[in-house]
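Input: a single structure, listed below in structure tokens.
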Amino acid sequence: MYNDHYHYKILLIEDNEGDHLIISEYLKDIFQSYTLIRLATYAELQKISNSQEYDVVLLDLSLPDKKRGELVKLALDQFPLTPILALTGHREIEFAKESLALGIADYLIKENTSPDLLYKSIVYSLERFKNIAALAKSEQLYMDLFNFNPQPTWVYDIETLRFLDVNSLAIESYGYSKKEFLGMTLKDIRPIEEYKRLQVSVKLLKYNGKGLTNRIFTHIKKNNERIRVEIESKIIDYKDKKAVLVVASDITEHLNYLEIIEKQNEDLRHTAWLQSHVVRSPVANILGIANQLNDNSLSRREQKFFLEALIKNTEELDSSIRKVVERSEKIINEDTTFNILGIN
């Protein structure tokens, strides 16, 4: 008896009473805790409502009412998540091997079966099914994350740069069908001037797993529209290939807005310069002229000269103020427009 404290629930489908007794004795030898349910026909098997109640099914390949291929397929349909071990005689060994391709977890030749062999087959089959189930769950999680990612996402072959898979957002955003994507490479969505940078990025990705530090690239849609995207990449194993999972975020509007903000800042700096230099100069002149006009000893000719200078500097001041106001209104109007559009 093995030091195995798990309570096994085993379903035996066997019409031969002698084979039933042998299997029962073997199970007593190898398991400390188990439940064995025995059925003798396929008709009895059909009455089982909960196919996940058992850990393993031991299936005789020759029952009174069903045999061989038909029996195997029906049992596999009824127990899709439970390992099925075929019990067979020497005369059916070739079919037992074929049944592995149908989905049977393992087969045991009745005449050659021993307690050790039965234990190994049951435990190994259970472990394989657990691993297969975990892999299926992992693949399903990947597919869910991939397909429902709110950003365009794709997988490409790190050697050929060919697209291996794309999600619906990539298809919608770039305008290519999935079939078109799968016939393309990364170069097909990049401008020629960025080919070299693409090659460098992929080489770095192979080397350090991260690629370029600056991950903002230009992409070209099917309609030839150019967008700026920020890339997040991760090397993965995809269907026995070394591939790269990519999430591409379109930041075109964001970058355009930053450019507009920078232009506004430049305009504000220029406006501030106007205020501090261009406006101050005529103001200083006006103040100086005003002081001169307070001099009662000025002749009429001198008074006329200073008055003309005062008018000239006042006009210059008015012009400078108008420029400041116009620039300020332009900046305010641009900011209001982008607020309405929701760009910022």
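The values are calculated or read from the model by the stated rules, or taken from the named source; none is laboratory data. None of these values were measured; they are calculated from a predicted model. Ideal geometry is used to build each Cβ from the backbone, glycine not excepted, and the neighbour counts take in all protein chains shown. These area figures cover heavy atoms from the full protein model, side chains too; ligands, DNA and RNA do not enter into them. Shrake-Rupley method; radii C 1.70, N 1.55, O 1.52, S 1.80 Å.
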_Per-residue HN-Hα couplings for segment 97-112 [Karplus 6.51, -1.76, 1.60; θ = phi - 60°; Hz; x = Gly/Pro]_ = 5, 4, 5, 4, 5, 6, x, 5, 6, 6, 9, 10, 7, 3, 5, 9
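If a/c stays under 1.5 just call it rounded; otherwise compare a/b with b/c (prolate if a/b is bigger, oblate if not). Do that for segment 50-103, with a ≥ b ≥ c from the square roots of the Cα gyration tensor eigenvalues. Before the final figure, lay out each step's value.
Working: a/c = 1.86, a/b = 1.64, b/c = 1.13.
It comes out prolate by the Cα gyration axes.
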_Through the Karplus equation 6.51 cos²θ - 1.76 cosθ + 1.60, θ set to phi - 60°, convert the phi angles of segment 191-203 into ³J(HN,Hα) values in whole Hz; use x for Gly and Pro._
x, 4, 5, 9, 4, 4, 5, 4, 4, 4, 4, 5, 4
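Using a 1.4 Å probe and counting only protein heavy atoms, arrange E302, E98 so the residue with the most accessible area comes first. Walk me through the intermediate numbers first.
Numbers: E302 85, E98 115 Å².
Output order, biggest surface exposure first: E98, E302.
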*Determine the relative contact order of segment 157-214: mean sequence separation of Cα pairs under 8 Å and six or more apart, normalised by residue count, in whole percent.*
27
*By a straight-distance test (C-alpha under 20 Å), which lysines pair with K28 as possible cross-link partners, with residues fewer than eight away in the same chain excluded?*
K9, K110, K120
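If contacts are Cα pairs under 8 angstrom and at least 6 residues apart, what is the relative contact order of segment 39-177 in percent?
On the way: 144 pairs, mean separation 21.7, N = 139.
After rounding, I find 16 percent.
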*asked:* If you count only protein heavy atoms and use a 1.4 Å probe, how large is the accessible surface of K312, to the nearest 10 Å²?
replied: 120
*Whenever you get a sec, line up D60, D237 from highest to lowest accessible area (probe 1.4 Å, protein heavy atoms).*
D237, D60
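Suppose every Lys and Arg Cβ carries +1 and every Asp and Glu Cβ carries -1, with no other charges. What dipole size does segment 62-117 come out with about its Cα centre, to the nearest 20 debye?
Working: 7 positive and 9 negative charges, 28 e Å.
Here segment 62-117 has a charge dipole of around 140 debye.
Past 22 Å, Cα to Cα: identify those pairs from K66/K97; K196/K241; K196/K263; K178/K241, in the order given. Display every interim value, and only then the final one.
Numbers: K66/K97 19 Å; K196/K241 24 Å; K196/K263 31 Å; K178/K241 20 Å.
The pairs that break the limit, which is 22 Å between Cα atoms, are K196/K241; K196/K263.
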*Quick one: what are the phi-derived ³J(HN,Hα) couplings along segment 163-173, Karplus 6.51/-1.76/1.60 with θ = phi - 60°, whole Hz, x for glycine and proline?*
5, 9, 6, 9, 8, 5, 5, 5, 4, 5, 6
*Using modelled amide H (1.01 Å from N, peptide plane; none on Pro or chain starts), what sits under 5 Å from the amide H of M184, excluding residues fewer than 5 places away?*
F163
*Just tell me which aspartates and glutamates come within less than 20 Å, Cα to Cα, of K222; anything on the same chain fewer than 8 places away is out.*
D165, E172, E180, D188, E193, E194, E230, D250, E253
_So if each residue of separation counts as 0.36 nm, and I subtract the Cα-Cα distance between L293 and D65, what length gain in nm does that give?_
69.4 nm
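In Å², what does the accessible area per residue of segment 145-247 work out to with a 1.4 Å probe? The partial results should precede the final answer.
Details: 5910 Å² over 103 residues.
Per residue, segment 145-247 has an accessible area of 57 Å².
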*So how far, in whole Å, is the C-alpha centre of segment 72-95 from the one of segment 31-66?*
11
*Taking amide H positions as placed 1.01 Å from N in the peptide plane, with prolines and chain starts having none, which residues 5 or more places from Y34, or on another chain, fall under 5 Å of its amide H?*
Y8
_Heavy atoms of S49: accessible area, 1.4 Å probe, square angstrom to 10_ = 120
*Could you name the lysines in cross-link range of K304, using Cα to Cα under 20 Å and dropping any fewer than eight places away on the same chain?*
K312
*Could you order R197, R91 so the one with the most accessible surface comes first? Probe is 1.4 Å.*
R91, R197
